[in-house]
Amino acid sequence: STVTSPTANSLDGVTFGNNTFVAVGDNGTIVRSTDNGSSWDNATSPTTTDLFGVTFGNNTFVGVGSSGNIVRSTDNGSSWDNATIDNSTTKYLFGVTFGNNTFVAVGEDGNILRSTDNGSSWDNATISIDLTGNRLRGVTFGNNTFVGAGDNGKIVRSTDNGTNWDNVTNTDSRVIWDIAFGNNTFVGVTHNGLIVRSTDNGSSFSSWNLSGVNHLTDVSFGNNTFVGV
């Protein structure tokens with residue numbers, strides 16, 4: 001059912017934590033709901049740059065966006081501050097996730113940033129391959145493994161809390177828009193209804209097409225079920 005939004009700006013990401021939903025979008029827009037999404041209020045944002053992704057961990061919300069911008073909130077999304085980024089980047093960040101007390105953000109030119117202090121400060125990860133010209137669109141965490149995916153079918157993984165990343169072989173070159181984890185399985189969704197899937201902690205992926213399905217740009221997991229849209 002439709003609910004009233006406090007903004008006319010596009011919203012690009014949403015997450016949940018501590019009985020609070022937080023959504024982020026264009027022009028630094030941040031909105032939150034504490035009544036199961038029935039009503040929403042604007043939060044004061046520290047940025048006017050677009051925000052594309054948001055996640056929750058360790059009682060902290062973290063949002064990422066254009067020009068390498070990262071924002072965080074430690075009071076259930078009521079107030080937000082800009083994070084400090086070491087080796088400052090102006091590259092767009094499209095996805096962010098949390099695992100093992102570590103936040104990981106991914107983006108333009110294969111850029112990967114990580115934070116181990118609840119999103120206060122961020123540094124660059126070490127990537128074993130050249131991802132110049134490829135955007136990493138999504139990132140997720142499961143079984144002590146971070147997996148990121150994006151343009152040209154690129155998939156990368158880290159088994160040391162996001163410090164070092166290696167290439168994962170994928171035979172299809174379609175854009176992987178998002179990736180999720182559940183039941184010891186990583187699942188990514190792409191253009192033209194292709195599904196990529198790994199049951200070995202992201203070491204290898206198989207793929208198949210869904211007949212009659214157009215682009216799938218998001219995927220999530222809950223109650224033993226993956227849902228792609």
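What to note about this one:
- Translational diffusion of the chain, estimated by Stokes-Einstein from the Kirkwood radius over alpha carbon pairs at 10 °C in a medium of 1.306 mPa s, is 91 µm² per second.
- Proximal charge balance of Leu131 [Cβ under 15 Å; K/R count +1, D/E count -1]: 0
- With contacts taken as Cα pairs under 8 Å and at least 6 residues apart, the stretch 79-188 reaches a relative contact order of 21 percent.
- Net charge dipole, the stretch 49-135: roughly 140 debye, given to the nearest 20, about the Cα centre with Cβ charges of +1 for Lys and Arg and -1 for Asp and Glu.
- Relative contact order for the chain, counting Cα pairs under 8 Å that sit 6 or more residues apart, in percent: 10
- The calculated Kirkwood hydrodynamic radius for the stretch 122-205 is 12.6 Å, given to one decimal from all distinct C-alpha pairs.
- For the stretch 32-91, with +1 on Lys and Arg beta carbons and -1 on Asp and Glu, the positive-most of Ile85, Val62, Ser38 along the dipole: Ile85
- With θ taken as phi - 60° and the Karplus curve 6.51 cos²θ - 1.76 cosθ + 1.60 applied, the whole-hertz 3J(HN,Hα) list for the stretch 117-127 is 10, 6, x, 5, 9, 9, 9, 7, 7, 9, 10 Hz, x standing for glycine and proline.
- Equivalent ellipsoid semi-axes, the stretch 48-105, via Cα gyration tensor eigenvalues times 5, rooted, Å: 17, 13, 10
- Apportionment of accessible area to carbon and sulfur, the chain, percent (1.4 Å): 39
- Percent antiparallel among DSSP beta bridges (both partners in the chain, rounded to 5): 95
- Segments 220-228, 144-152, 193-201 sorted - mean Cβ within 10 Å per residue, highest first: 144-152, 193-201, 220-228
- Only Lys, Arg (+1) and Asp, Glu (-1) charged, at Cβ; the chain dipole about Cα centre in debye: 360
- Listed peptides 181-191, 74-84, 59-69 by packing density, highest first (mean Cβ within 10 Å): 59-69, 181-191, 74-84
- 5 angstrom amide H check on Gly107, placed H, neighbours 5+ away: Phe94, Leu136
- Sorted from longest to shortest, the spans of the Cα atoms of the stretch 73-144 along the three principal axes equal 38, 31, 18 Å.
The values are calculated or read from the model by the stated rules, or taken from the named source; none is laboratory data. Everything numeric in this text was worked out from a predicted model, so none of it was measured. Every residue, glycine as well, gets a Cβ built from its backbone with ideal geometry; the counts of neighbours run over all protein chains shown. The area values use the complete protein model at the heavy-atom level, side chains included, leaving out ligands, DNA and RNA. Shrake-Rupley method; radii C 1.70, N 1.55, O 1.52, S 1.80 Å.
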